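First up is the structure itself, then whatever we jot down about it.
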Amino acid sequence: MDTDPTQALLDFLAGISIKVHEGPVPADSFLPGIRLVAGTLIVDRAALRWPGDLLHEAGHIATTPAALRATLDDQLADDPAIPHRGEAEATAWAWAALTHLGLPAGLLFHEGGYHGHSAGLALTYAMGVYPGAAGLARAGMTQLGSEGGYPRMLRWLRD
């Protein structure tokens with residue numbers, strides 16, 4: 001694996017068909033160096049502060065039904081009519097990807113993320129408690145259970 005975590009994440013996302021383009025991102029973007037435009041992540045490496053945020057935002061794309069991905073933009077909103085695509089599922093998806101890539105928890109759960117709850121989330125996931133994993137299972141993306149289940153994914157993108 002590439003030693004640059006940003007490149008490793010970008011390679012992974014490209015490999016699972018999540019669209020990512022490099023380009024300028026305004027300083028007032030919702031996350032430093034990242035935008036979401038028409039279901040595509042725009043990444044400005046010079047402005048990217050926390051590479052792990054790429055995984056969380058990709059989790060929103062991945063957990064959205066395929067027919068709706070192109071409608072996603074920076075103003076992500078939970079739609080109760082579309083279950084299993086909220087913050088918890090995006091976080092669980094990001095953890096599964098991080099685990100798959102063998103990257104450290106601090107890359108995802110950094111000091112600037114999750115509204116001050118990164119340390120608690122890191123501990124929760126490290127202890128084997130996986131908020132959002134049940135939603136991923138209900139969406140057909142993983143299984144629950146100790147043998148071969150989450151964080152191993154059956155599919156990275158929702159149908």
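The values are calculated or read from the model by the stated rules, or taken from the named source; none is laboratory data. On a predicted model such as this, the values are computed, not experimentally measured, just so you know. Glycine gets a Cβ as well: all are built from the backbone with ideal geometry, and neighbour counts include every protein chain shown.
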**OP:** State all residues of segment 1-36 that are among the aromatic types (Phe, Trp, Tyr) and either in a strand (DSSP E or B) or more than 13 Å from the chain's Cα centre (by Cα) (or both); if no residue qualifies, say none.
**Re:** 30
Original post:
Which one is farthest from residue 58 (Cα to Cα) among residues in segment 108-135 that are aliphatic (A, V, I, L, M) and surrounded by fewer than 18 Cβ atoms within 10 Å (Cβ to Cβ)?
Top reply: 127
Subject >> Enumeration of residues in segment 63-77 that are surrounded by fewer than 17 Cβ atoms within 10 Å (Cβ to Cβ) and either in a helix (DSSP H, G or I) or in contact (Cβ under 8 Å) with a residue 24 or more places away in the chain (or both) >> reply: 65, 66, 67, 68, 70, 71, 73, 74
Original post:
Limited to segment 136-156, what total is found for residues that are crowded, with 20+ Cβ neighbours inside 10 Å and hydroxyl-bearing (Ser, Thr, Tyr)?
Top reply: 2
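Conditions tested, residue by residue: (1) over 17 Å from residue 107 (Cβ atoms); (2) modelled with pLDDT under 95; (3) out of contact with any His (no Cβ under 7 Å at 6 or more places or on another chain).
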{"site": "7", "(1), (2), (3)": "no, no, yes"}
{"site": "20", "(1), (2), (3)": "no, no, yes"}
{"site": "66", "(1), (2), (3)": "yes, no, yes"}
{"site": "71", "(1), (2), (3)": "yes, yes, yes"}
{"site": "78", "(1), (2), (3)": "yes, yes, yes"}
{"site": "83", "(1), (2), (3)": "yes, yes, yes"}
**OP:** Confirm whether residue 13 is free of Cβ contacts under 8 Å to residues at least 60 places away in the same chain, more than 19 Å from residue 124 (Cβ to Cβ), surrounded by 14 or more Cβ atoms within 10 Å (Cβ to Cβ) and in contact with a His (Cβ under 8 Å, 6 or more places away or on another chain).
**Re:** no
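Scan segment 38-56 and give yes if some residue there is part of a strand (DSSP E or B), more than 24 Å from residue 153 (Cα to Cα) and either of a type in the set (S, T, N, Q) or at pLDDT below 95 (or both), otherwise no.
No: segment 38-56 contains no residue that is part of a strand (DSSP E or B), more than 24 Å from residue 153 (Cα to Cα) and either of a type in the set (S, T, N, Q) or at pLDDT below 95 (or both).
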